[in-house]
């Protein structure tokens, strides 16, 4: 084991600094590297957050888990505007609840809300989406600076993609268009690409689409899911995107599938959930993908959270329980997902 003894530590001018008694020695078979980069991105991360949803009553509850452990979700705080069908995305510090359906007329909100992920507490207003109607049940994804809200429904299925700069506050800007207007699409990313998985314009889609997050423009074809489905959820470790569950008419499915985000191609079978599920939400760190199962059709609401190790293949493993059993496309995000790097 290396031992370091320091006689004194002073500034370059030698005029100040603490003095530590001892003799400076160092022995190591390797090299010592000090931490680099913004301290915001070092240590202390690994929290997954689940916000909103319905029981079927629209909820304002926010709860969280520590992704690297197992256990039941804990209370985080409340949404300042309860919603279901909101898109979720995040940076290493902030998580966003974007659009959705609310109880007050006209029952749709363009509001983007945010929380500080490493604290607990209620959400704050950030700004508004570009549409006041077509923003329920859209997908979300992000890199370390930009968050994308992909598609949705209001009077019709929408192909619009919005983006925000997550470190600031303000209204969203149009990014481009999906290949096809859709809702109930899963979303995830690496540090370069965002992807949209499946959805429902009129019939379920098997399409996977992608964009380059730091540009603007229309989405392009990536490949196909194993089957046409909607109401799925996706998570990433920066290399693989894992897509959990969904609804393939006439019932929910237990399929877990994956893609390699940096390439193009069709999804590949990963394993299975403990039960067929849809309407849940997924979060991740650089190792695990964690999925709250939402509900099952036919059946009812579930309280189960399960996880996979993203770089292996196999069935999901029990993680714990959600604090309030609910469904309807929760806004889900983490401070350590694959888009952050």
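Every number here is computed from the coordinates shown, using simple stated rules; none is lab data. Predicted model, so just to flag it, every value in this text is computed and none were measured. Using ideal geometry, Cβ is built from the backbone for each residue, glycine included, and neighbour counts are taken over all protein chains shown.
For this structure, a couple of remarks:
- Cα pair distances exceeding 25 angstrom across the chain, given as percent: 48
- Cα-based Rg and Dmax for region 107-176, where Dmax is the largest Cα-Cα distance (Å): 12.1, 37
- Cβ crowding within 10 Å averaged over residues, with 50-59, 118-127, 65-74 ranked highest first: 50-59, 65-74, 118-127
- Per-residue packing, averaged as other Cβ atoms within 10 Å, sorts the ranges 238-249, 260-271 into the order 238-249, 260-271, beginning with the highest.
- Extension gain, residue 103 to residue 221: 0.36 nm times the residue separation minus the Cα-Cα distance gives 38.9 nm.
- Extended-chain gain in nm, criterion 0.36 nm per residue less alpha-carbon gap, residue 132 and residue 203: 23.1 nm
- In this label model, residue 318 and residue 75 are separated by 2.5 nm, measuring between points 7 Å along each Cα→Cβ vector.
- Take the Cα of residue 119, step 7 Å toward its Cβ, do the same at residue 239, and the gap between the two points is 3.6 nm.
- Gyration tensor verdict on region 144-266 (Cα atoms; rounded if a/c is under 1.5, prolate if a/b is larger than b/c, oblate otherwise): oblate
- Computed extension gain for residue 68 through residue 171, at 0.36 nm per residue and net of the alpha carbon distance, reaches 33.7 nm.
- Euclidean distance of C-alpha centroids, region 292-341 and region 55-122, integer Å: 15
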